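Quick notes on the structure that follows.
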Amino acid sequence: MKIKLNFLFLMMIVVFTACSDEEAGLETNNDPETNMLVGTWEMTEFTYDGSGTSEYDGLTLTTVFTGVASDITYTMELADNPQTFTTSGGYNVTLTTTTPDVIIDNEVVSEGITFDQVVALNDVNTSGDWEYDEGMLEGISFNADEASVNGTNQSVDSGTGSSEVTELTETSLKISFTGSKVQLQQGIEVLVTTTGDITFEKQ
């Protein structure tokens, strides 16, 4: 059985595209925490990790990955009455990915590897409606439509979900997200699961 290593690298591109975009249905909520969210927020930290699992030639292949943002210029502005948002700027992500050994009949036919990719999201310019309800922040996108991966442009398939507000003060905001989705890449289904944390400071 011949294992194609380019498939393993393909999975690495897939895992990034599921990591950080959140959108959902909306309604108005005017509690004090909602009012505290109104303003302009600057992203200061963004980290995430997860895995991508697929079936290939009868084998189950699972990769794991971590991402750390740097060179952050991303900001989001949350307005009230109506509750709308705009985002701008971007960030780079160092994506570290580990592929597993491929074992057939108790023999390693392809050794796992660990490698880094630099993913640049330069123009995260989005807008829409947002909602805060029972600790969940919904409707805001943290992804661009296109990312540069090691200098090569890649389209980003964003996905949907909600972010949990884990800390909120007059000057700081921390959110976390967990999500999973199945992506089809060259006819192969890859189940990507991701968890992450984002920290903001109010401008």
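Couple of notes before you dig in:
For every residue, the table says whether it meets (1) among the hydrophobic types (A, V, I, L, M, F, W, C); (2) at pLDDT below 95; (3) out of contact with any Asp or Glu (no Cβ under 9 Å at 6 or more places or on another chain).
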position	(1), (2), (3)
G39	no, no, no
E42	no, no, no
L59	yes, yes, yes
T62	no, yes, yes
T66	no, no, no
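- Hits in region 30-44 (condition: in a strand (DSSP E or B) and farther than 21 Å from L121 by Cα): G39
- Region 100-114, subset part of a strand (DSSP E or B), out of contact with any Ser or Thr (no Cβ under 6 Å at 6 or more places or on another chain) and not charged (D, E, K, R), residue surrounded by the most Cβ atoms within 10 Å (Cβ to Cβ): S110
- Residue check: V93 meets all listed conditions (1) of a type in the set (A, V, I, L, M, F, W, C); (2) exposed (fewer than 14 other Cβ atoms within 10 Å of the Cβ); (3) under 20 Å from Q117 (Cα atoms) but one, namely (2).
- If the condition is being in a strand (DSSP E or B), modelled with pLDDT under 80, within 21 Å of T86 (Cβ to Cβ) and not polar (S, T, N, Q), then region 118-152 contributes E146, A147.
- Taken over region 59-91, the criterion of being closer than 27 Å to I188 by Cβ and touching a residue at least 12 places away in the same chain (Cβ under 8 Å) is satisfied by L59, L61, T62, T63, V64, F65, T66, G67.
- Of all residues making up region 50-72, the number that are surrounded by 14 or more Cβ atoms within 10 Å (Cβ to Cβ) and either of a type in the set (D, E) or more than 19 Å from T195 (Cα to Cα) (or both): 4
- Pairs with Cβ under 8 Å, 6+ apart, first in region 105-117 and farther than 16 Å from V64 by Cβ and touching a residue at least 40 places away in the same chain (Cβ under 8 Å), second of a type in the set (D, E, K, R) and surrounded by fewer than 13 Cβ atoms within 10 Å (Cβ to Cβ): S110/D101
- Residue match in region 178-198 (condition: at pLDDT below 80 and either among the hydroxyl-bearing types (S, T, Y) or part of a strand (DSSP E or B) (or both)): yes
- Set T47, T86, T97: member being outside any loop (DSSP other than H, G, I, E, B) and under 14 Å from the mean Cα position of the chain (by Cα): T47
The values are calculated or read from the model by the stated rules, or taken from the named source; none is laboratory data. From a predicted model like this one, the values you see are computed outputs, not experimental measurements. Cβ: placed from backbone, ideal geometry, glycine included. Neighbour counts: every protein chain shown.
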